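Worksheet: one structure, shown below.
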Amino acid sequence: MSLKLHKEGIRIIPTFFFILAALLAVFHYFIPFEGYWRFLLVLLDVSALVFWGLIIAFFRYPEFDVQQNENQIISPADGTVVVIENTVENEYFNEKRIQVSIFMSPFNTHMNRYPISGDFVYNKYHDGKFLVAWDPKSSTNNERNTIVIKNDKVTILIRQIAGAVARRIRWYGKEGDKVEQGQQLGFIKFGSRVDLFLPLDAKINVKLDQSVRAGKTIIAEI
């Protein structure tokens, strides 16, 4: 099975390759391959190879058939559930909602998917800080992008949040679009988080510290 890479990595992947190759070339040119220095050079080579592998893994594009279900809210991201709580959502709903937050480490692919099918009714990008993604204040203080999807059964808010490393949020839809459950929503580069704000009567199917998969794990039932 061939490895497909996400379009967001088209420029970044070659850039990292040439930077790593140039650094290794400089090290090998100036450092003699003998004695203690040989060990250091091998360590640098292995570290560069591992780092390169992580970059490739980060921008991989998992392809699979999404099992759409109008009664389910599926995970928008690969990662780990770090928050499940009732909270007041102040940007769009201005009322209590269930917040489910998913932390994406640099080891996860960072492509985001729509949790439900419906109408793309709201979108707002916010500049902000770059707190670590598991900080509770990151949801309201960090660089972030808010999207609201509505259908006949439910209205949910998805918030893409940049972390301490991620500083580039991408989203591919706009207000007025019709979107499909499991369709690409966007991408966040290098460590970040996605918050979901769901109705209070939604039945939550995940637990804290649970690993979830975008387009596969059922976050809640409605």
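The values are calculated or read from the model by the stated rules, or taken from the named source; none is laboratory data. Keep in mind that what you see is a predicted model, and the values were worked out from it rather than measured. Positions of Cβ are backbone-derived with ideal geometry, glycine not excepted, and every protein chain shown enters the neighbour counts.
Cβ-Cβ contacts under 6 Å between residues 6 or more apart (or on different chains), taken from a first residue in region 96-121 that is over 19 Å from N205 (Cβ atoms) to a second residue that is of a type in the set (F, W, Y), are listed as H110/F187; M111/F187. From the residues in region 22-77 that are of a type in the set (S, T, Y) and assigned to a helix (DSSP H, G or I), which one is nearest to the chain's Cα centre (by Cα)? Checked region 22-77; the qualifying residue nearest to the chain's Cα centre (by Cα) is S47. When region 181-212 is filtered for residues that are among the basic types (K, R) and without any contact (Cβ under 8 Å) to a residue 24 or more places away in the chain, only K203 remains. Does L185 satisfy the condition of being surrounded by fewer than 20 Cβ atoms within 10 Å (Cβ to Cβ) and either under 15 Å from the mean Cα position of the chain (by Cα) or over 22 Å from R60 (Cα atoms) (or both)? Taking the combined requirement at face value, the residue does not satisfy it. Within region 188-205, restricting attention to residues that are of a type in the set (A, V, I, L, M) and buried (at least 18 other Cβ atoms within 10 Å of the Cβ), the residue that is nearest to R60 (Cα to Cα) is I188.
Residue check: Y61 meets all listed conditions (1) loosely packed, with under 11 Cβ neighbours inside 10 Å; (2) in contact with a His (Cβ under 8 Å, 6 or more places away or on another chain) but one, namely (1). M1 satisfies every condition listed in (1) modelled with pLDDT under 75; (2) assigned to a helix (DSSP H, G or I) except (2).
The single condition from (1) assigned to a helix (DSSP H, G or I); (2) farther than 23 Å from V179 by Cβ that E8 fails is (2). In the set L40, L54, only one residue is surrounded by fewer than 18 Cβ atoms within 10 Å (Cβ to Cβ), without any contact (Cβ under 8 Å) to a residue 12 or more places away in the chain, among the hydrophobic types (A, V, I, L, M, F, W, C) and over 25 Å from I218 (Cβ atoms); that residue is L40.
Filter region 85-100 for residues that are surrounded by fewer than 16 Cβ atoms within 10 Å (Cβ to Cβ), in a strand (DSSP E or B) and of a type outside the set (D, E, K, R) and give the result. The answer is N86, T87, V88. Answer yes or no as to whether F93 is touching a residue at least 12 places away in the same chain (Cβ under 8 Å) and under 30 Å from P14 (Cβ atoms). Answer is no for this residue.
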